[in-house]
Ligand SMILES: Nc1nc2c(ncn2[C@@H]2O[C@H](COP(=O)(O)OP(=O)(O)OP(=O)(O)O)[C@@H](O)[C@H]2O)c(=O)[nH]1
Ligand SMILES: [Mg+2]
């Protein structure tokens, strides 16, 4: 399995001046390739920090630093690896890089170290993806999720589903191959219940894709409503600062405002918009048009109404625009006497007072819950679009198999083919393949020849 490929090299730290710059090398016999350029006093010891000098072609000292040698298989890639910690000067690092390139070591492609780690079985595909996610993570939750995935949480979740299907497959295949013999089989009900259980788990995972994207990229949350209902006040209350201008005059906000905030680690781009109404004022009208535009790019909308006054035609008109979008109805000004018709029309509304700041924490929690990000959720792993595609395919096959089984008695061969297909998609998610394992699963389970 473990293979040593041709040596590659890369500068592993970002371009720019820094205290330390790291050069990473990996591949079969990489140390032998570079050792002429390294002055080292002691004998090279695996995974030991050596003080070294890097010598250029003329034998001059290019820099001094620390070198660590990780012989295969105990390295990140599984190959022989060298990490050199030099001074973080871009020019110097480039010179060192060129020195190694001149020794026939190739420049690494993006992600090539991690790709080699995957190919050498040091991690599965999900974990390799998590490395990229971890480096890119820009919010606390994204970071935490990437770390979880790197630790193999999502992998083990998917592996468990795959094992359930393999178990079923083992029964079915044994039924085909050894139908004459007295071996344990599953009833149709048992098969169905196992399939349904797996399907349910896949569907649960599928629900996390949106949230998974949200925690990586953040969400656009737009506040809309007719003039004077308290949108800007709500904007400020959510931000926790007096950012937007608030006045009793309808039509105060003319252009949209954006501010970033994080809700429990989720990056949110909060947008306050101009109150939407038919207006003769050309400036306000442009603002209204921009509000409508913001609506389109919003992942979620907070539709604000004034709980202290009867609803008007404008409220209903705006509601028509948002009702098919992901939205929350916010009944603001709950500190004032309540006009009962508002809640009669919008019983689902959450009551807040933007001015007094009450109900705001509950609103934040509701936003996260609607986004599928509530920390109370049972599933704490999030999938990405690549996983979604494969999981959907797997779910589709399982679903149709359930339907067929419920209406018909199927040949085990058919069940076997469907199961294999469903399993193959799960394997693609983790990047594992091998039909050997199916056989292994049969024999470990049935002790044939006993
Ligand atoms: N009593 C009470 N008044 C509020 C509350 N929220 C906002 N107001 C008042 O309502 C008026 C309008 O508030 P804004 O936040 O400017 O309303 P807006 O929806 O942004 O208005 P436009 O920008 O004109 O569309 C101001 O006088 C606020 O002080 C609230 O929770 N309770
Ligand atoms: Mg406003």
Verdict on residue 295 being in contact with a helix residue (DSSP H, G or I) (Cβ under 9 Å, 6 or more places away or on another chain), within 13 Å of residue 222 (Cβ to Cβ) and within 16 Å of ligand 2 (Cβ to nearest atom): yes
Test result for residue 273, in contact with a helix residue (DSSP H, G or I) (Cβ under 6 Å, 6 or more places away or on another chain), at pLDDT below 80 and within 16 Å of ligand 2 (Cβ to nearest atom): no
Any idea which of (1) closer than 30 Å to residue 140 by Cβ; (2) part of a helix (DSSP H, G or I) is the one residue 285 doesn't satisfy? (1)
With (1) within 20 Å of residue 307 (Cβ to Cβ); (2) at pLDDT 95 or above; (3) away from ligand 2 (no atom under 16 Å from the Cβ) as the list, and residue 330 as the residue in question, which single condition is left unmet? (3)
Checked the stretch 132-169 for anything more than 20 Å from residue 201 (Cα to Cα) and either crowded, with 19+ Cβ neighbours inside 10 Å or in contact with a strand residue (DSSP E or B) (Cβ under 6 Å, 6 or more places away or on another chain) (or both); matches are 133, 139, 141, 142, 146, 150
Residue list for the stretch 211-234, restricted to those being more than 8 Å from ligand 1 (Cβ to nearest atom), more than 30 Å from residue 168 (Cβ to Cβ) and assigned to a helix (DSSP H, G or I): 213, 214, 215, 216, 217
Condition test on residue 336, is it in the same structural domain as residue 223 (by TED's automatic domain parsing) and either within 14 Å of residue 237 (Cβ to Cβ) or touching a helix residue (DSSP H, G or I) at 6+ places or on another chain (Cβ under 8 Å) (or both)? no
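Residue-by-condition table, conditions (1) in a helix (DSSP H, G or I); (2) in the same structural domain as residue 420 (by TED's automatic domain parsing):
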{"site": "123", "(1), (2)": "no, no"}
{"site": "135", "(1), (2)": "yes, no"}
{"site": "146", "(1), (2)": "yes, no"}
{"site": "158", "(1), (2)": "yes, yes"}
{"site": "161", "(1), (2)": "yes, yes"}
{"site": "165", "(1), (2)": "yes, yes"}
Pairs where the first residue, in the stretch 35-57, is farther than 13 Å from residue 85 by Cα and the second is in a loop (DSSP other than H, G, I, E, B), C-beta under 7 Å, 6+ apart: 46/71
Considering only residues that are in contact with a helix residue (DSSP H, G or I) (Cβ under 7 Å, 6 or more places away or on another chain) and more than 8 Å from ligand 1 (Cβ to nearest atom), which ones fall in the stretch 238-253? 238, 242, 243
Could we say that residue 347 is within 15 Å of ligand 1 (Cβ to nearest atom), surrounded by fewer than 15 Cβ atoms within 10 Å (Cβ to Cβ) and either over 17 Å from residue 268 (Cβ atoms) or touching a residue at least 60 places away in the same chain (Cβ under 8 Å) (or both) here? no
Only one of 16, 78 is buried (at least 16 other Cβ atoms within 10 Å of the Cβ), in a loop (DSSP other than H, G, I, E, B) and on the phi > 0 side of the Ramachandran plot. Can you tell me which? 78
Please state which of the following conditions residue 261 fails to meet, knowing it meets all the rest: (1) within 14 Å of ligand 1 (Cβ to nearest atom); (2) modelled with pLDDT of 85 or more; (3) touching a helix residue (DSSP H, G or I) at 6+ places or on another chain (Cβ under 7 Å). (1)
Selected residue (criterion: nearest to ligand 2 (Cβ to nearest atom)) from residues of the stretch 235-260 that are surrounded by fewer than 16 Cβ atoms within 10 Å (Cβ to Cβ) and not in a loop (DSSP other than H, G, I, E, B): 258
Go over the candidates 189, 213 one by one and state the one that is touching a helix residue (DSSP H, G or I) at 6+ places or on another chain (Cβ under 9 Å) and either closer than 16 Å to residue 299 by Cβ or surrounded by fewer than 21 Cβ atoms within 10 Å (Cβ to Cβ) (or both). 213
If you check residue 266 against the conditions, is it free of Cβ contacts under 8 Å to residues at least 40 places away in the same chain and either within 33 Å of the chain's Cα centre (by Cα) or more than 13 Å from ligand 2 (Cβ to nearest atom) (or both)? no
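The values are calculated or read from the model by the stated rules, or taken from the named source; none is laboratory data. The shown structure was predicted, so the numbers you read here are calculated from the model rather than taken from an experiment. We place every Cβ from the backbone using ideal geometry, glycine too, and count neighbours over all the protein chains shown.
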